[in-house]
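Accompanying notes for the structure given below.
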Amino acid sequence: MTGAKAKSRWPLSPAMVRAVLSGHGILGLAFAAVIYLVCLSGTLAVFVHDLERWEQPAAPAITHIDDAAMKRALDTARQKAPAGTTLYASLPSSDEPGATIIAYSPKFEREWSVDAQGALTEKATTFSEFILNLHIALHLPRRWGEFIVGLAGVALLSSLVSGILAHPRVLKDAFHLRLGGSRRLQEADLHNRLGIWALPFHVVIALTGALLGLSTLIVGVLALLLYRGDTAKVYGLFIDAPLAVNATHAPLPSLTALLAEARRRAPGAEAHQLIIENAGRADARITIKSERERLLVPQDTTSFDAAGRVLKDQHPRDLVAGTRILGGIGQLHFGWYGGVPVRILYGLLGLALCVVTSSGVTIWLARRRDKGRAVPQWERLWAAVAWGQPLALALAALVAIIVPAGEAVLWVWLGATVVLLLGFGALRFPATAGARGMRLALAVALVVLGTFHLAASPTNPTGLGIDIMLLIVGAASLLARKYLRPLA
């Protein structure tokens, strides 16, 4: 070591750093709008169960239901659904109040809320379903939508890695934040600080999102490598094979007895879901899934046949590490574990990821402008994405409250998106002025949404919390116009 202090050298040469930085920018821009939309909808999807209760304030928020009442609810659901439909019943708890039953087949799908006596009420959670489908498949045909979302996850993960490699001083500058000066420097600092502070979260979300979105492709590759293209054998590693077909009528065994047996076999676990396949037939299968505290995945599963005989009895000690990891990908991605504190943490970190994505594009646009190669149309279009999507989602939520059924939510969001993109692309005005106007419109929309819902259902605890949050965020946005710079 020579000199007073030996300077640590970044493993990449300056030329390589410039090349990586260029690739980082191009990759980010190519998927920026999709990544931003997926991140924004994913942040809301973390709270999808809370949004369901917000949308349906009159739905019974029970924390316990006895076995006889659930049996009555399941019998009623069976009568309302065609033969061959699978029933999914979610049992309530203090952490997740409310019982539901979903009847699903490739040609039929309905969902009901269940009260303490076992009576069914049709669920109409159009905005919650809209958000979840937007995040999972962008409301495209499911296979294509999931594939695009998976590619966005890969692009986000690659952008995170290349972003770290392209910034040799990223650790040294981790706590250096310049505010109030050049917009480009401010956005660069915000982009880099939020990127490095929450990097573990960003990587986990990008990786799990890519795995979930590209699962069909991954299964196909594994089938080619291991089973000569037979995807059924790959799915068979994770999904129980159907029982031999036997359409002979057979009554379901006692639900109380099955639940008691499942609880006996899984002490310390609480039943949280019932799955009934081919109800009323001799090839019926009843699966009881239970969850334990401090475990990421509900890993206790007991299955019975139509005669009440145990077909499968699986517990955490029976699972290999790989199965546990695969089973936890969805929970880890959406944050549906650990209760309200985890959801709030995921929400804040998800917003940080939205800011990182948006500010990345802002930096590129500002750099071009500083070099005399401004692209004002792209600046306006990005403003329409960065501020237009939150505005479009707020308008869609307002419509969902007014018109709780139908596809109006999807068309309002799509219409607002198209109008904003076409309008900002065609009209000639500074992007900052457009972003400022949309930020003001978003603040007003949030205040109106919170006020309208609060007036309609002032006694719903979950709804009250969300309404107060909407009013605070909307009011804060109106008051902070002097200090917030548009992310466009």
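The values are calculated or read from the model by the stated rules, or taken from the named source; none is laboratory data. What you see is a predicted model; the values in this text were computed from it and never measured. Note: ideal-geometry Cβ built from the backbone for every residue, glycine included; neighbour counts use all protein chains shown.
Here is a yes/no grid of residues against (1) in a helix (DSSP H, G or I); (2) closer than 30 Å to GLY163 by Cα; (3) outside the structural domain of GLY280 (by TED's automatic domain parsing):
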{"residue": "THR301", "(1), (2), (3)": "no, no, no"}
{"residue": "LEU311", "(1), (2), (3)": "no, no, yes"}
{"residue": "ARG324", "(1), (2), (3)": "yes, no, yes"}
{"residue": "LEU345", "(1), (2), (3)": "yes, yes, yes"}
{"residue": "GLY350", "(1), (2), (3)": "yes, yes, yes"}
{"residue": "LEU353", "(1), (2), (3)": "yes, yes, yes"}
{"residue": "THR357", "(1), (2), (3)": "yes, yes, yes"}
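Could you check the stretch 373-480 for helices (runs of 4 or more DSSP H) lying wholly inside it with 1 or more residues that are under 23 Å from the mean Cα position of the chain (by Cα) and polar (S, T, N, Q)? Can you show your working first?
On the way: elements: 376-386, 388-402, 408-426, 431-456, 461-479.
Here the list reads 388-402, 408-426, 461-479.
On the given criteria, is SER128 over 21 Å from LEU44 (Cα atoms) and either of a type in the set (S, T, N, Q) or touching an Asp or Glu at 6+ places or on another chain (Cβ under 6 Å) (or both)? Can you show your working first?
Numbers: over 21 Å from LEU44 (Cα atoms): no; either of a type in the set (S, T, N, Q) or touching an Asp or Glu at 6+ places or on another chain (Cβ under 6 Å) (or both): yes.
When the stated conditions are applied, SER128 does not pass them.
Touching a Phe, Trp or Tyr at 6+ places or on another chain (Cβ under 7 Å), modelled with pLDDT of 75 or more and part of a helix (DSSP H, G or I) - does that describe any residue in the stretch 72-87? Spell out the reasoning first.
Taking the stretch 72-87 and keeping what is touching a Phe, Trp or Tyr at 6+ places or on another chain (Cβ under 7 Å), we get 77, 81-82, 85-86.
Keeping just the survivors that are modelled with pLDDT of 75 or more gives 77, 81-82, 85-86.
Filter once more, keeping what is part of a helix (DSSP H, G or I): 77.
Yes, the stretch 72-87 contains a residue that is touching a Phe, Trp or Tyr at 6+ places or on another chain (Cβ under 7 Å), modelled with pLDDT of 75 or more and part of a helix (DSSP H, G or I).
Would you pick out the residues in the stretch 254-272 that are more than 16 Å from ASP313 (Cβ to Cβ) and not acidic (Asp, Glu)?
SER254, LEU255, THR256, HIS272
Could you count how many residues in the stretch 337-356 are over 20 Å from LEU37 (Cα atoms) and out of contact with any helix residue (DSSP H, G or I) (no Cβ under 7 Å at 6 or more places or on another chain)? Quick ask: steps written out before the conclusion?
Quick first cut of the stretch 337-356, residues over 20 Å from LEU37 (Cα atoms) only: 337-342.
Among the residues that remain, those that are also out of contact with any helix residue (DSSP H, G or I) (no Cβ under 7 Å at 6 or more places or on another chain) are: 338-342.
Within the stretch 337-356, residues that are over 20 Å from LEU37 (Cα atoms) and out of contact with any helix residue (DSSP H, G or I) (no Cβ under 7 Å at 6 or more places or on another chain) number 5.
Do we find a residue being of a type outside the set (A, V, I, L, M, F, W, C), at positive phi, out of contact with any Leu (no Cβ under 6 Å at 6 or more places or on another chain) and not in a helix (DSSP H, G or I) anywhere in the stretch 56-65?
Our first condition is that a residue be of a type outside the set (A, V, I, L, M, F, W, C); within the stretch 56-65, this holds for 56-57, 60, 63-64.
Filter once more, keeping what is at positive phi: none.
No, there is no match, as no residue in the stretch 56-65 is of a type outside the set (A, V, I, L, M, F, W, C), at positive phi, out of contact with any Leu (no Cβ under 6 Å at 6 or more places or on another chain) and not in a helix (DSSP H, G or I).
Among the candidates THR121, THR100, which residue alone is modelled with pLDDT of 90 or more and part of a strand (DSSP E or B)? Walk me through how you get there before you give the answer.
Numbers: THR121 fails: modelled with pLDDT of 90 or more.
One residue alone meets the criteria, THR100.
Looking at (1) touching a helix residue (DSSP H, G or I) at 6+ places or on another chain (Cβ under 9 Å); (2) modelled with pLDDT of 90 or more, which is the one condition that is false for SER90?
Only one criterion in (1) touching a helix residue (DSSP H, G or I) at 6+ places or on another chain (Cβ under 9 Å); (2) modelled with pLDDT of 90 or more is unmet by SER90, namely (1).
Among the polar types (S, T, N, Q), at pLDDT 90 or above and either assigned by TED's automatic domain parsing to the domain that holds ILE288 or out of contact with any Leu (no Cβ under 6 Å at 6 or more places or on another chain) (or both): does that describe THR417?
When the stated conditions are applied, THR417 passes them.
How about the stretch 207-258: which of its residues are more than 26 Å from the chain's Cα centre (by Cα), buried (at least 16 other Cβ atoms within 10 Å of the Cβ) and not in a helix (DSSP H, G or I)?
Answer for the stretch 207-258, where residues must be more than 26 Å from the chain's Cα centre (by Cα), buried (at least 16 other Cβ atoms within 10 Å of the Cβ) and not in a helix (DSSP H, G or I): LEU243, ALA250, LEU252, PRO253.
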